[in-house]
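Below you'll find the structure, written out as structure tokens, and then a few comments.
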Amino acid sequence: MRAYFALLFLVLASVKSFAFVELEDRQPLQVEDGSLSPFWAQEYVGADLAKIELHKQHDLKPVPFAIYDGGFEKKYVTLLHDIPVDGEKDGNRPIRANHGTSVANVINGPGMMSMSELVDYVQLKRVSPSVYYWTAYKELEKLEVKPQVLSNSMGWDSEEVAEYAKKADAAGIIWVMASGNDHPNPIAEHERTAPTISVGSYSPRGLQTIYSQESDQLDILAPADEYMASMNGSGEKSTFGATSGATPMVSGTIANLKSILPSLNRGTVETILKKTALLSLHSYYSKTNKTGFLNSYKAVLVTARLKEVCGDNADCANQEAQKDATYQFAELPLNPRVAATCISPLKLGKADMMDLRRNFLLNPEKTVYAQMLSCAYKNEHYSINADYYQNMMLIYSNPALLQKKIQKMAVQAVRKGYLNSASLRDLELLDDSFEKTLKAEISHPTGIGSFTATQYLERFKKTVRITLGKK
């Protein structure tokens, strides 16, 4: 025992205490009485790790890329070539293009905020749910270099847009679209059935965002909620989110995959995204969709493996992508000091943290890595990140215990007025304590308010509850 503590002392003494989180010039976020690292969303999917892997690849070329959004501020978008860039308007009056600029910076902005360094914008067009898609797509058809990926965070009011998506798919363009932010309302049928990659959002604690819509065709969830890091139309560091923020995380990831293997088609990309995805809690009980969480790092490694086996043969890549063995990776060796994170206030260095995150993203079912990540973030005082990794550990090992946690979180959300808490999304998971708290809130409102509490109570009484079992 003395030898053990002596070794532990040496381990602690040999490590400089400095943060592993990439703060750049941002501050931690305060979310529901907890602290969240500023680039949490990018960290969760391994965006930085994916870019490091791409630096090891040879002869990668930027992927021609398009965005359909509300408009852009050209000087705050990273362009490889000078192209026309649509601004934002309110009627005929120019306004600041925050939304489209934020989308573009999630895709390939500077520093930690971006998903890719291999994007070449060939079209940045202003659209809206009901107009301008016709103009945008007609222009696309005339482009000398057509995009391979099209990121679309705006909705479709018309079935006409679905026809453009079909044409794009036939031309080999992967159209990535936001599922929408109006849960529990269903996704419009013409959006649900379109040949696109459909993207939803999940929250910093690893639960599906309260307003993120779903369907049986939802392909993947990405971490956005309301707190992801980006840049607005004034060039200021800002937060972005919802399914509008989740979508560029996925489209930027696809650009990385296409840079490695240009012949990848939409079907193979969907397979890679789904088979590399992290397990979600709603996969245990959702009757509609069991999609998982985006894993950009593993998706890049899998695609590099496909290239080694298949070259740029699309049929071969599709066949290999179906095989479970393609997704199996050996665990990476860790510095012995990493194991001390849960028995001491040890703060890991950047290299150790990266290796720990790599192991989690490659083998998430081995819950020891999620446990150590939870401890590591706790030691850095990022309580929300720590809770996320604890929740991921429970998703893989004990979903019943996570359900109990969610029940407590929902009670707290009602009492403290956390109207957008993801714990309030799936009422079938909640118990009598939730109903009791709602009734107390209706009588003496101090949190979400009596009106909202009444609405929840009416819905809760009509909900068939479920009890998750231990895995």
* Asked: Yes or no: E308 surrounded by fewer than 19 Cβ atoms within 10 Å (Cβ to Cβ), in contact (Cβ under 8 Å) with a residue 12 or more places away in the chain and not hydroxyl-bearing (S, T, Y)?
  -> no
* Asked: Restricting the first residue to region 319-348 and requiring it to be modelled with pLDDT of 95 or more, which pairs with a second residue that is hydroxyl-bearing (S, T, Y) and surrounded by 16 or more Cβ atoms within 10 Å (Cβ to Cβ) meet a Cβ separation below 8 Å and a spacing of at least six or different chains?
  -> E320/T326; A321/T268; A321/T271; Q322/T271; Y327/T276
* **Enumeration of residues in region 117-160 that are out of contact with any Lys or Arg (no Cβ under 9 Å at 6 or more places or on another chain) and among the small types (G, A, S)** => S128, S130, S151, S153, G155, S158
* Of the residues in region 185-211, how many are without any contact (Cβ under 8 Å) to a residue 24 or more places away in the chain and under 20 Å from the mean Cα position of the chain (by Cα)? -> 1
* region 212-233, residues that are surrounded by fewer than 24 Cβ atoms within 10 Å (Cβ to Cβ), hydroxyl-bearing (S, T, Y) and under 16 Å from M177 (Cα atoms) -> S215
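Given the structure, is V176 buried (at least 24 other Cβ atoms within 10 Å of the Cβ) and either closer than 19 Å to V199 by Cα or touching a Leu at 6+ places or on another chain (Cβ under 8 Å) (or both)?
Numbers: buried (at least 24 other Cβ atoms within 10 Å of the Cβ): yes; either closer than 19 Å to V199 by Cα or touching a Leu at 6+ places or on another chain (Cβ under 8 Å) (or both): yes.
Considered against the rule, which asks whether it is buried (at least 24 other Cβ atoms within 10 Å of the Cβ) and either closer than 19 Å to V199 by Cα or touching a Leu at 6+ places or on another chain (Cβ under 8 Å) (or both), V176 comes out as yes.
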* **Test for G180: is it on the phi > 0 side of the Ramachandran plot and more than 13 Å from the chain's Cα centre (by Cα)** => yes
* **Looking only at region 285-294, and only at residues there that are touching a Phe, Trp or Tyr at 6+ places or on another chain (Cβ under 9 Å) and at pLDDT 95 or above, the one that is surrounded by the fewest Cβ atoms within 10 Å (Cβ to Cβ)** => F293
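Can you tell me which residues in region 126-145 are assigned to a helix (DSSP H, G or I), surrounded by 16 or more Cβ atoms within 10 Å (Cβ to Cβ) and not hydrophobic (A, V, I, L, M, F, W, C)?
Y133, Y137
In this structure, is Y202 closer than 22 Å to Y418 by Cα, surrounded by 24 or more Cβ atoms within 10 Å (Cβ to Cβ) and aromatic (F, W, Y)? Give the steps one after another, and end with the answer.
On the way: closer than 22 Å to Y418 by Cα: yes; surrounded by 24 or more Cβ atoms within 10 Å (Cβ to Cβ): yes; aromatic (F, W, Y): yes.
Spelling it out, Y202 is indeed closer than 22 Å to Y418 by Cα, surrounded by 24 or more Cβ atoms within 10 Å (Cβ to Cβ) and aromatic (F, W, Y).
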* Asked: Which ones in region 279-322 are out of contact with any helix residue (DSSP H, G or I) (no Cβ under 6 Å at 6 or more places or on another chain), in a helix (DSSP H, G or I) and not charged (D, E, K, R)?
  -> H282, S283, L301, A314, Q319
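Yes or no, residue by residue, for (1) among the acidic types (D, E); (2) assigned to a loop (DSSP other than H, G, I, E, B):
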site	(1), (2)
K167	no, no
G206	no, yes
S215	no, yes
D219	yes, no
V250	no, no
* Subset tally (residues that are under 22 Å from A440 (Cα atoms) and free of Cβ contacts under 8 Å to residues at least 12 places away in the same chain) for region 369-407 -> 1
* To do: Taking only region 425-443 into account, find how many residues are surrounded by 18 or more Cβ atoms within 10 Å (Cβ to Cβ) and outside any helix (DSSP H, G or I).
  => 3
* Structure fact -> Per the list (1) buried (at least 22 other Cβ atoms within 10 Å of the Cβ); (2) touching a helix residue (DSSP H, G or I) at 6+ places or on another chain (Cβ under 8 Å), residue check on A422 breaks on (2)
* Which of the residues that make up region 58-78 are surrounded by 13 or more Cβ atoms within 10 Å (Cβ to Cβ), closer than 17 Å to Q148 by Cβ and not hydroxyl-bearing (S, T, Y)? -> L60, P62, V63, P64, F65, A66, I67
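In region 146-172, what residues are closer than 19 Å to G252 by Cβ and surrounded by fewer than 20 Cβ atoms within 10 Å (Cβ to Cβ)? Outline the logic, then answer.
First, the residues of region 146-172 that are closer than 19 Å to G252 by Cβ: 146-154, 168, 172.
If the condition is that a residue be closer than 19 Å to G252 by Cβ and surrounded by fewer than 20 Cβ atoms within 10 Å (Cβ to Cβ), then K146, G172 are the ones that fit.
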* Asked: When both residues are 6+ apart or on different chains and their Cβ atoms are under 9 Å apart, which pairs have a first residue that lies in region 459-471 and is assigned to a loop (DSSP other than H, G, I, E, B), and a second that is loosely packed, with under 11 Cβ neighbours inside 10 Å?
  -> none
* helices (runs of 4 or more DSSP H) within region 347-417 that include 2 or more residues acidic (D, E), in contact with a helix residue (DSSP H, G or I) (Cβ under 8 Å, 6 or more places away or on another chain) and not assigned by TED's automatic domain parsing to the domain that holds K275 -> 350-362
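The values are calculated or read from the model by the stated rules, or taken from the named source; none is laboratory data. All values reported here derive from a predicted model rather than from experimental measurement. With ideal geometry, Cβ positions are generated from the backbone for all residues, glycine too; neighbour counts draw on all protein chains shown.
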